[in-house]
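Comments concern the structure below.
The values are calculated or read from the model by the stated rules, or taken from the named source; none is laboratory data. This one's a predicted model, so the numbers in the text were calculated from it and none came from an experiment. Please note: Cβ atoms are built from the backbone with ideal geometry, for glycine as well, and neighbour counts cover all protein chains shown.
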Amino acid sequence: MLMLDILRKLVNDVDNAPNLLAALDVIVQSVRDALNTEVCSIYLLDERSNRYVLMATHGLNPDAVGNVSLGFSEGLVGLVGQREELINLEDASSHPRFHYLPETGEDRYNSFLGVPIMNRRKVLGVLVVQQQEKRRFGEAEEAFLVTLSAQISGVVAHARALGQLENLHAPKGGVASPRIFHGVAGASGIAMGRAVVIYPLADLESVPDRVTEDITHELQQFNQALFGVRKEIQQLDTKMASSLMSEERALFEVYLRMLDDNALPAEVIDRIHAGNWAQGALRSVIDEHMQSFAAMDDPYLRERMADVRDLGRRLLAHLQQQTIPNRDFPENSILIGEDISTATLVDMPLENISAIVTMTGAANSHMVIVARALGIPTVVGVSELPVGNLDDAEMIVDAYQSRVYVHPSRELRKRYKEIIKEERQLVAGLDAYRDLPAETPDGHRMTLYVNTGLMADVARGRERGAEGVGLYRSEIPFMLRDRFPSEEEQRSIYRQQLAAFAPYPVTMRMLDIGGDKDLPYFPIDEVNPALGWRGIRITLDHPEIFMVQMRAMLKAAIGLNNLQILLPMVSSVFEIEEAQHLLLRAVSEVQEEEKVTIQTPKLGIMIEVPSALIQIKDLASIVDFVSVGSNDLTQYLLAVDRNNSRVADLYTPYHPAVLRSLQYVVTEAHAVGKPVSICGEMAGDPGTAILLMAMGFDSLSMSASNLLKIRKVLRTIPLADAKTLLNEVLAIDNAAVIRSMVELELNKLGLWDLVRPTQKPVGGKVPA
C-alpha cells in the first residue's frame, strides 16, 4: 500500500476513534505496521508539570503508559521538543542526550527517529519510532512521520482545549485545571462570573414525520403556537423599547416578517394539508431553510440560519406545550451556548448578565450588535468550547483580547479583579475631562470625533464631548433588516444621526459591505472576499443602491447642512469621478423634488488599501478630505487577518511599515491642502494617538468609550514631545521595540493606567 493511502486510512481511523487514548493507540499501531519497525510511541507535553508523558506505545512496556515521563529538556524526546525539528539517529545510546528509562524496556533498541507534534508554533508532544537494527531511517520514512505529525496535531490540540489531557493526568482531589479558549471579540469589555449554559428550547431534530388523520386539529395547534410566538416577540420588542433605539429593535421586525402568514407559516400549513402532523411539518420546513442557508457558506446567512432555527424551536416548544424553564440567573452570570439568538438574549434578566460566549457566530451578527448596544462583553466563535461541561463553572471573559478563561487560577482572578476595579475608578476619574478641549500643554488643538452605527453610540458620544461624527457606519441599518431599507427609512435614520450632532459635522460612509460584511439578503460568495467585490466596487456596480442612499442622506441633511460623505475602499481616481457624477445627479434630483437649494456636501475618501496609499496625492487633490481606515490598511499592509487566530499576533499598528505609511498619507494630503482624519482603532489607543497627533492628523475618530481617555492623553503631552517620540520610533525597525518605547513614554507621563488593562503586567510593574 502506498504511504499516501496508509496516511488517509490512518487519519480516518483516528477521526472515528471514541476518545483521545484510543486515537493515540491507533496511531502508534498503524505507524509501527506501516514503517515495519519495532517500536512506535507518543509522548505528550503535560503543561502543568512541564514533562513529556508516555501516552501510547506499541513495542515498549505497556505498563509504562501514563506512568513514565521525561523532563522538558531531558533525553532525546526533550531534544526534539527543544529544537522543534526531527532527529534521526543510527545509534541513539551513543548520543550525549540519551536518557535510558528502565521502566520502558527500550534498552535493546538502537535506531531512533523523533518528530515534534506542533500546533500554532507550540510543541504539543513527540512521535517516536525505534528499531533494534543500527540504521538511519530513510527520507521517505521521515516525510511520512512529518506529514502524520502535522495531521494529528489538530487532534491533540483539540483534546487539550477540551481538557481531555488534563483529565488523563488530573491531580488528586479533583481540582479543575485552568483552561484558555480563543474566539472573536464582538463587544469589548471584561467580566467575571459563573457560566449559565443556554440550551435549546426544543429539539427539532428528534421530531419524526407522522401521518395525521385530523388535519383541522393540527392546523389549530399550529395556529395557536404561531399566535403564542408572535406575542412573545412583540413582548420582547416592548421590553427593549427603553434600552434599544428603533433601528436596533428592527431585529424583532425581522422575526415577525419571518412569521408572516405568507412566509414560514404558509410552508408549514401546506405540509399539514399534505398529511404531515404539525410538528413534523414544522421540522421539515425548518430543515430545508437551514440546509439552504448552510450551503451558501456565508457568515451573515449563517446568522439568518440561527434566526430560523430559533423561531423553529420556539414554535415547537409551543406545539409541545413547553415553556421556557425558570432558571436562576445570579448576579454576574455569563451566558454560554453553542449559539444564542437575539430573542433568547433579550428574554434574559439583562441586569444580571455580565458577558456572553458562544461557539458559533460572527462579530457583526444580530445578537452581537444588540449586546454591543447593551454594553455586554461578548466573545463569539469559540469553536472548541466544551459547552456541556461548563454549567456553573467560574469564568473570566476578556473581550479585549478575545479570550475566555475557564476555572481561572487564584492569581488570574486577583489580577482581573484589580483590572475591573481600576477600570471603574478610571471611568469615574475621566469625567473631569468631559467638557475640556483636546488641547496639548503647548497649545496644539486636536478635534475628537466619535464613530457611530447605532443610536446608542450617538448618546454615548454626546455625553463624552464628541465634536461630531468621524465615521457613521451606514451598513448597520442594512444589516438589521431582512431587505434593503427604503429611501424614507434611510432618511429617517440618517436624520437622527445628523440632528443629534448639528451643527457639528457628521461623516457618513456610503454602504460598505463585502469582505466579512455581507447582507443576508444580498449574499456574496467568493473564494477570497477580502480581495473581492466590496465597498465602493459594489455600489458603483449597483447605482440604484448608491443613488437611493445618497438621496436619503441629502434629504436628511436639509436645514442642517452638516453632512459629509465618505467613500469606502477607494483604489482609483476613476471610482471617485464616478461617485462625484452620481452625487451631483442626486443633488439635482433632490433639489427638484424637495423644491429647495441643496448644499453639496463635502466628499471624502477612505485610505484602506495600498494602491490608495501610493496614489494619495492624485486622489486627495480631487476630493474635500481624506480619512484613514487604519484597521483595514494595517491588515492589507501586513497581509494579516486579525480575526484569524493563527496569524492574529502578527497584526500590530506599531509595525514600522504601518507608521511610515501613515506619515506618508498625512504629508502628501497636506501637500495638496486637504485635511486628514483617522477612524480606525489606532485613533482610540492612547499610545498610537500620540504618534498620530505628531504625524499631523487633523482629527481622530474613535468609539465613545475612548473619547475621555484620548482627551486626557492629549492634554498631558506637549506636541513637541510627541514629535520627538515620533522621530525616534520612525527610525526603529522592530514593532515590539516601538511599542515598548511608547508605553515607557506613557508611564513617564503618569498615563500607564490608560493602557488597555489586559496589557498591564501583573502587579502593576512597568516592563523595563
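Overview of values
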| read-out | value |
| --- | --- |
| Given (1) within 19 Å of Q580 (Cα to Cα); (2) surrounded by fewer than 17 Cβ atoms within 10 Å (Cβ to Cβ); (3) in contact (Cβ under 8 Å) with a residue 24 or more places away in the chain, index of the condition Q549 fails | (2) |
| Flag for I376 being of a type in the set (A, V, I, L, M, F, W, C) and either part of a loop (DSSP other than H, G, I, E, B) or touching a helix residue (DSSP H, G or I) at 6+ places or on another chain (Cβ under 6 Å) (or both) | yes |
| Residue in region 590-598 that is assigned by TED's automatic domain parsing to the domain that holds E544, polar (S, T, N, Q) and either farther than 26 Å from I545 by Cβ or outside any helix (DSSP H, G or I) (or both) present | yes |
| Single residue of G388, G375 found to be outside the structural domain of F252 (by TED's automatic domain parsing), closer than 18 Å to Y199 by Cβ and at pLDDT below 85 | G388 |
| Matching residues, region 1-42, being outside any helix (DSSP H, G or I) and either closer than 19 Å to E141 by Cβ or outside the structural domain of E106 (by TED's automatic domain parsing) (or both) | M1, L2, N36, T37, E38, V39, C40, S41, I42 |
| Any hit, region 410-423, residues being out of contact with any helix residue (DSSP H, G or I) (no Cβ under 7 Å at 6 or more places or on another chain) and buried (at least 19 other Cβ atoms within 10 Å of the Cβ) | yes |
| Check on S93, of a type in the set (S, T, N, Q) and more than 28 Å from A140 (Cβ to Cβ) | no |
| Unique residue being farther than 22 Å from A648 by Cβ, among the hydrophobic types (A, V, I, L, M, F, W, C) and in contact (Cβ under 8 Å) with a residue 24 or more places away in the chain when the list is L385, L390 | L390 |
| Subset of region 48-95 that is of a type in the set (S, T, Y) and assigned to a loop (DSSP other than H, G, I, E, B) - its residue that is farthest from V129 (Cα to Cα) | S49 |
| Subset of region 493-546 that is out of contact with any helix residue (DSSP H, G or I) (no Cβ under 7 Å at 6 or more places or on another chain) and of a type in the set (D, E) - its residue that is modelled with the lowest pLDDT | E526 |
| Residue in region 435-458 that is touching a helix residue (DSSP H, G or I) at 6+ places or on another chain (Cβ under 8 Å), aliphatic (A, V, I, L, M), in the same structural domain as T507 (by TED's automatic domain parsing) and free of Cβ contacts under 8 Å to residues at least 60 places away in the same chain present | yes |
| Index of the failed condition, D641 passing every other in (1) under 21 Å from the mean Cα position of the chain (by Cα); (2) crowded, with 21+ Cβ neighbours inside 10 Å; (3) among the acidic types (D, E) | (2) |
| Among (1) under 19 Å from L60 (Cβ atoms); (2) touching a helix residue (DSSP H, G or I) at 6+ places or on another chain (Cβ under 7 Å), the one test that Q131 misses | (2) |
| So M395, is it crowded, with 16+ Cβ neighbours inside 10 Å and either modelled with pLDDT under 85 or more than 27 Å from the chain's Cα centre (by Cα) (or both) | no |
| Qualifying residue in region 136-153 (condition: closer than 20 Å to P62 by Cβ and either modelled with pLDDT of 85 or more or buried (at least 19 other Cβ atoms within 10 Å of the Cβ) (or both)) | no |
| Long-range neighbours under 9 Å by Cβ, at least six apart or interchain, first residue outside the structural domain of V676 (by TED's automatic domain parsing) and touching a residue at least 12 places away in the same chain (Cβ under 8 Å) within region 600-627, second surrounded by 20 or more Cβ atoms within 10 Å (Cβ to Cβ) and in a strand (DSSP E or B) | none |
| Filter pass, Q580 being in a helix (DSSP H, G or I) and either under 27 Å from G673 (Cβ atoms) or among the polar types (S, T, N, Q) (or both) | yes |
| Meets criteria (touching a strand residue (DSSP E or B) at 6+ places or on another chain (Cβ under 9 Å), surrounded by fewer than 23 Cβ atoms within 10 Å (Cβ to Cβ) and either under 23 Å from I732 (Cα atoms) or of a type outside the set (S, T, N, Q) (or both)) for K712 | no |
| Qualifying residue in region 436-444 (condition: surrounded by fewer than 19 Cβ atoms within 10 Å (Cβ to Cβ) and modelled with pLDDT under 90) | no |
| Failed condition for H366, given (1) within 25 Å of E253 (Cβ to Cβ); (2) surrounded by fewer than 19 Cβ atoms within 10 Å (Cβ to Cβ) | (2) |
| Conditions (1) under 18 Å from the mean Cα position of the chain (by Cα); (2) crowded, with 16+ Cβ neighbours inside 10 Å: number failed by V387 | (1) |
| Candidate set from region 445-459 (those that are out of contact with any Gly (no Cβ under 6 Å at 6 or more places or on another chain) and among the β-branched types (V, I, T)); member that is surrounded by the most Cβ atoms within 10 Å (Cβ to Cβ) | T452 |
| Unique match (being buried (at least 23 other Cβ atoms within 10 Å of the Cβ) and at pLDDT 85 or above) among L335, L345 | L335 |
| One residue from G66, G78, G71 being under 47 Å from the mean Cα position of the chain (by Cα), on the phi > 0 side of the Ramachandran plot and in the same structural domain as F137 (by TED's automatic domain parsing) | G66 |
| Qualifying residue in region 486-496 (condition: assigned by TED's automatic domain parsing to the domain that holds A689, touching a strand residue (DSSP E or B) at 6+ places or on another chain (Cβ under 6 Å) and part of a loop (DSSP other than H, G, I, E, B)) | no |
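Residue-wise test of (1) at pLDDT 95 or above; (2) over 25 Å from E463 (Cα atoms); (3) in a helix (DSSP H, G or I); (4) touching a Lys or Arg at 6+ places or on another chain (Cβ under 7 Å).
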| residue | (1), (2), (3), (4) |
| --- | --- |
| L662 | yes, yes, yes, no |
| H670 | yes, yes, yes, no |
| T688 | yes, no, yes, no |
| L692 | yes, no, yes, no |
| F697 | yes, no, no, no |
| T724 | yes, yes, yes, no |
| N727 | yes, yes, yes, no |
| E743 | no, yes, yes, no |
| G763 | no, yes, yes, no |
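A quick yes/no check of all residues on (1) modelled with pLDDT of 85 or more; (2) under 27 Å from the mean Cα position of the chain (by Cα); (3) under 28 Å from P208 (Cβ atoms); (4) of a type in the set (D, E, K, R):
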| residue | (1), (2), (3), (4) |
| --- | --- |
| M245 | no, yes, no, no |
| V268 | yes, no, yes, no |
| W277 | yes, no, yes, no |
| A294 | no, yes, yes, no |
